[in-house]
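A.B. asks: My questions will all concern the structure given below.
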Amino acid sequence: MSEVRFIHSADFHLDAAGQDDDGLVFLRRQALTQVVDRCTATGAQLLFLAGDLWDQEAVRRETLTFIRKELARVPKVRIFIAPGNHDAWGHNKTWTQEGWSDNVHIFSDFSFVELPQYKVRVYGAGFTSRWSASSLLPENLSLDPQWINVLVMHGEVGAPSDYNPMPWERLVLFDYCALGHRHEYELLAPPAKGGYPGSAAVTSFRDSSLKGCLQGVFREGTVHTDFYPLHGPLLQEMSLPLRGDESLDTLEAAIVNLQQSSFGYLTLRLTGRIAKRPPIEELTRRLQNPMLRLLDETREQRDYESLAKENSLRGIYTRRLLASEDPLAQEALEAGLDALEGEWLP
Ligand SMILES: [Mn+2]
């Protein structure tokens, strides 16, 4: 193999809560899709994902399904994931469970995978928990120069740091360091090779730094990389929470209003817990807009009264929250019931 191509990306922070709205969720997901597409477009044989794919200890079931599906789209690309401080493997069982396609390798303890067809050894380790004040990169590394030695890891260059301090003197031993954690694009000081691609997706509306991934090639003992910017296309996604008692005219006016404040193609998700399904077909007929797509994501209303009678954790929780006068109690009740009903995987 005279030439081996790769894509390097990190820090998607899917499922980030609090600081984002639906538009950002969509853009983050789209970044992963674009990174996977980049493998196909460049003919990359390897994909390095250096941690913080998701933002919290738990991952949404549908997010995990989305990630796995995306990675399975390119079965010939060998994918290496080194979990970071946000998605630490010690905190989330889904890393070690079935369901990942055969082309995906997830690092836990420091180890390497040998790819003789490419003359490449990929080294890596994942965070076991939210912090790692000691380095995940061992001392006394002895790398065989007959191989192209790659490191995939999440952390900070230099010490001290609570986020896996990686001494530059150890990084310099590798032919390429596919790092994650810093959200801005930044290369290592020479002669070390590689660095941070930065977060692949916008992390907040204030985050105006350039987003992208690194695309590279190993050729005749050298490595060359380019930063490839990921553009947001003219696609937007918004959601419209329903109470359930809106008239058809009210709904139509609300949708027209949202559509006018958007650009390009709009996917509008109707959400909320309501008693009756929204009249999607009727609305679509009335709106007559090919650039608009309506999705019914409403869910059945919960029957709090019967939940409160349950002799279970769910029952106790519902009773307490219904009795609370806190203005956030209603929201907390829904979020807590979601968690108790298995919407978040620990
Ligand atoms: Mn991080």
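A.B. asks: Of everything in the range 85-107, what is in contact with a Leu (Cβ under 7 Å, 6 or more places away or on another chain) and within 16 Å of the ligand (Cβ to nearest atom)? Give them in sequence order.
C.D. replies: Within the range 85-107, Asp87 is the sole residue that qualifies.
A.B. asks: I'm trying to understand the selection: among the residues of the range 152-184, which are within 20 Å of Ile81 (Cβ to Cβ), outside any strand (DSSP E or B) and within 16 Å of the ligand (Cβ to nearest atom)?
C.D. replies: Answer for the range 152-184, where residues must be within 20 Å of Ile81 (Cβ to Cβ), outside any strand (DSSP E or B) and within 16 Å of the ligand (Cβ to nearest atom): Gly155, Asn164, His181, Arg182, His183.
A.B. asks: Same structure again: Among the residues of the range 236-262, which ones are within 25 Å of the chain's Cα centre (by Cα) and surrounded by fewer than 16 Cβ atoms within 10 Å (Cβ to Cβ)?
C.D. replies: Matches in the range 236-262: Pro241 only.
A.B. asks: Here's something else I'd like to know. Let me confirm something: among Leu248, Leu240, Leu214, Leu234, which residue is under 19 Å from Thr33 (Cβ atoms), more than 16 Å from the ligand (Cβ to nearest atom), of a type in the set (A, V, I, L, M, F, W, C) and modelled with pLDDT under 95?
C.D. replies: Result: Leu234 is the single residue among Leu248, Leu240, Leu214, Leu234 that is under 19 Å from Thr33 (Cβ atoms), more than 16 Å from the ligand (Cβ to nearest atom), of a type in the set (A, V, I, L, M, F, W, C) and modelled with pLDDT under 95.
A.B. asks: Output the number of the condition that Ala200 fails; it satisfies all remaining conditions of (1) among the aliphatic types (A, V, I, L, M); (2) within 25 Å of Ser134 (Cβ to Cβ); (3) within 16 Å of the ligand (Cβ to nearest atom).
C.D. replies: (2)
A.B. asks: Given the structure, is Phe110 closer than 30 Å to Ser161 by Cα and away from the ligand (no atom under 16 Å from the Cβ)?
C.D. replies: The answer is yes for Phe110.
A.B. asks: Let me ask something else about it. Against the condition among the aliphatic types (A, V, I, L, M) and either farther than 30 Å from Trp147 by Cα or within 16 Å of the ligand (Cβ to nearest atom) (or both), how does Ala82 come out, does it pass?
C.D. replies: It is true that Ala82 is among the aliphatic types (A, V, I, L, M) and either farther than 30 Å from Trp147 by Cα or within 16 Å of the ligand (Cβ to nearest atom) (or both).
A.B. asks: Kindly indicate the residue of the range 78-116 that is assigned to a loop (DSSP other than H, G, I, E, B) and in contact (Cβ under 8 Å) with a residue 60 or more places away in the chain and also surrounded by the most Cβ atoms within 10 Å (Cβ to Cβ) among those meeting that condition.
C.D. replies: Per the criteria, the residue is Ala82.
The values are calculated or read from the model by the stated rules, or taken from the named source; none is laboratory data. None of the values given here were measured: they were computed from a predicted structure. Here the Cβ is made from the backbone with ideal geometry for all residues, glycine too, and neighbour counts use every protein chain on show.
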